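One structure is given here, and the rest of the page talks about it.
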Amino acid sequence: MNEAVLTGLQYYGAIAATIAALLVSLDLGRRWTGYAMVVFVTSSLALIVWGFLQPDSEGIGMQNVVLLVINGVGVWRYLLSPHRKDAAGDRPHEPAPVA
């Protein structure tokens, strides 16, 4: 595969995972976390392709096969499941009242 395409996949995967991790860490609510999981899925897909086509990078490819499954569970739980705990989905958690 073209070296520029492989480099693009590698950097997209890294940047997308970083953005998704930032979204999760901001705790903006279930819907935003679900969107972050979708970004994680695209990151995993890019790094799977890169990992198996780039010499000596199969470990990253295998790691992202597992992460793809985990991220798919996250997409299901946060965006697709009919049994989501917060139906509104986009409100951040309210802080506990101080006694």
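Read-outs throughout are calculated quantities, based only on the coordinates presented, and are distinct from any laboratory measurement. Just so you know, these numbers come straight off a predicted model, no measurement behind them. In this analysis, Cβ positions are derived from the backbone assuming ideal geometry, glycine residues included, and neighbour counts consider all displayed protein chains.
Details
- Theoretical FRET efficiency, 1/(1+(r/R0)^6), r = Cβ-Cβ of ILE19 and VAL69, R0 22 Å, to 0.05: 0.60
- The C-alpha atoms of the chain define a longest principal axis, and helix 58-75 lies at about 30 degrees to it.
- Where only DSSP H runs of four or more residues are counted, the chain gives -23500 deg cm²/dmol as its mean residue ellipticity at 222 nm, each run worth -39500 (n - 2.57).
- Annotation: Cα Rg of region 3-80 relative to the compact-globule expectation 2.2 N^0.38 Å equals 1.11.
- Charging the Cβ of each Asp and Glu at -1 and of each Lys and Arg at +1, and nothing else, the dipole of the chain about its Cα centre rounds to 460 debye.
- Seen against the Cα atoms of the chain and their longest principal axis, helix 30-53 is set at about 10 degrees.
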